[in-house]
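Only one structure is covered here, and it is reproduced in the block below.
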Amino acid sequence: MAINDSTATGVDQQVPRIVDENVTRKVALAALVGTALEWYDFFLFTTAAALVFNAQYFVSDDPFVAAMSSFATLAVGFVARPIGGFIFGSLGDKVGRKKILMVTIVGIGVVTGLIGLLPNYMTIGVAAPIILVALRILQGLAVGGEWSGAVIIAVENAPVAKRARYAALPQIGSPIGTILSSGGFFGMLYLVGQTNFDAWGWRIPFVAAIPLLAISMWIRSRLSESPEFEALMEAGETEHAPIRGVLKNSWRQILVGMCSALLGIGGFYLITSFVVYYGTKVLKMPYETLLLGSLLAAVFEIFVLIWAGRMGEKYGASKVILWDGVASALVAVPVFLAINTANPVLVIGAMIIGVATLSIPYAVSGTALTALFATRVRYTGVAITSNSAGVISGFVPLIATALVAASGNSFWPGAIILLVVSIMTAMSGIFLPALSIEEEGMKH
């Protein structure tokens, strides 16, 4: 049986819900725009870590060492995310979701623009990778409070029975961010050629984050604050120590929630960032083919997310997570077998199938995670949970790269990692309903 609100957080009564679906749609759209910029910025770094950072900032005679250093920088951003989750999550539960979302989006956009302007190792020496790591940490801190806040404000402005539908909309920001970032790199490669791309062309998509930030800020400024949080503020019932409350009372929810989010986050970086590295460095495929694969996979992902959100609304998020975790486990080996052929059609097809499969639990992860925590500690709980899963996910490309090198450039480590992550996510679907808050009209 699902737990009730008081058991989860010590709240004596449910927060009243007054919902206007016209407002719901506007809030969900504003959340989507913000998450699209968030993931555009974050995926730019992910792709650049696989393509250019190893040559621009981590110069080494050993390509493996350079790649490991580059992916380690990628992982540093994920380590910073839980810290950002603690900071911005607790603030979001104290002062409001909207205010914190304005802060996080500015932090992400500004840092991304600065990365595009950062001189490389050949220009300023060892200061270049040090500054890059520092910027990556700042980016990770801001991202730590961004996704969770965007999903929460969409959920808390939605009717209970339609939460899965509206919670899936901010998730579409992920493929849009991939399309913009991969499309930006792909376009620059096409326009300026490989040599100029490696020298300076890769910087243009990073600098483009600044005008995109201005647009996102204007749209996000029109967000409506969560009616649930406003009711808490008016009643003087906001949580004064949300971090302590979540860690003390909801550690089971955190662990299960982490596993439920792992496939959608860690699996994605495996099929995109690691496969881009494996394809270009091991299989000697052209950059354009791998970037095109990422781009097409993201296009398909949009439709998958919309469909999966409706499935979560109809059957419950936990069922979707359980059965798709099983499906992802079944396709793990075939996907990497196809990638290992180095046949462009098979590689792109495998990337599309891999991303589409892991995107189904990702579509409903917002619904699943927000249902684990009550309103007064929801921002903190979701931020800690999703970003803790992000820490593990951030090391996936690094671990896969090390294991591939140790195995003589075999594809098996990638397949095994995807299989294990899929099983962990599937198992979480079994435990989610019993740990979720029971609300009328909500299917877990």
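The values are calculated or read from the model by the stated rules, or taken from the named source; none is laboratory data. The shown structure was predicted, so the numbers you read here are calculated from the model rather than taken from an experiment. Using ideal geometry, Cβ is built from the backbone for each residue, glycine included, and neighbour counts are taken over all protein chains shown. Only protein heavy atoms, including side chains, enter the accessible area calculation; ligands, DNA and RNA are left aside. Shrake-Rupley method; radii C 1.70, N 1.55, O 1.52, S 1.80 Å.
Some observations on this one:
- TRP147 contributes an accessible area of around 20 Å² to the protein surface, as traced by a 1.4 Å probe with all chains present.
- Ordering of 139-146, 329-336 by packing [mean C-beta count within 10 Å, highest first]: 139-146, 329-336
- With all protein chains in place and ligands, DNA and RNA left out, the 1.4 Å accessible area ranks GLU313, GLU38 as GLU313, GLU38, largest first.
- Net charge, GLY177 excluded, C-beta distance under 15 Å - Lys, Arg +1, Asp, Glu -1: -4
- Accessible surface for ASP324 stands near 10 Å², nearest 10, in the context of the full protein assembly shown (1.4 Å probe).
- Protection proxy ranking of 79-87, 339-347 - average other beta-carbon atoms within 10 Å, highest first: 79-87, 339-347
- Accessible area per residue for the stretch 108-185, computed on protein heavy atoms with a 1.4 Å probe, is 26 Å².
- With the charge dipole of the chain set up from +1 on Lys and Arg Cβ and -1 on Asp and Glu Cβ about the Cα centre, the Cα lying farthest toward the positive end among the listed residues GLN139, PRO205, PRO159 is that of PRO205.
- Take each peptide in 24-35, 386-397, 184-195, count the other Cβ atoms within 10 Å of every residue, and average; sorted highest first, the result is 386-397, 24-35, 184-195.
- Cut-off 19 Å, label 7 Å out along Cα→Cβ of MET427, residues of the stretch 232-264 by amide N: 251-264
- Neighbourhood charge, 12 Å Cβ-Cβ cut-off, centred on TYR166 and excluding it, Lys, Arg +1 and Asp, Glu -1: +3
- When every Cα-Cα distance of the chain is counted in 10 angstrom steps from zero, the calculated P(r) takes the values 5, 23, 34, 24, 11, 3, 0 percent.
- Full extension of the chain between LYS314 and VAL326 yields a length gain of 2.4 nm, computed as 0.36 nm times the residue separation minus the alpha carbon distance.
- The simple spin-label model puts a point 7 Å past each Cα toward its Cβ; for ASN409 and THR123 those points are separated by 3.3 nm.
- Cut-off 15 Å between beta-carbons: net charge of the residues surrounding TYR190, Lys and Arg +1, Asp and Glu -1: -2
- Members of LYS99/LYS248; LYS281/LYS319; LYS26/LYS248 lying beyond 29 Å, as alpha-carbon distances in this model show: LYS281/LYS319; LYS26/LYS248
- Ordering TYR277, TYR57 by accessible surface, largest first, gives TYR277, TYR57; the 1.4 Å probe counts only protein heavy atoms, with every chain in place.
- With 0.36 nm allotted per residue and the present C-alpha distance subtracted, the ALA199-VAL23 stretch has 58.7 nm of extension available.
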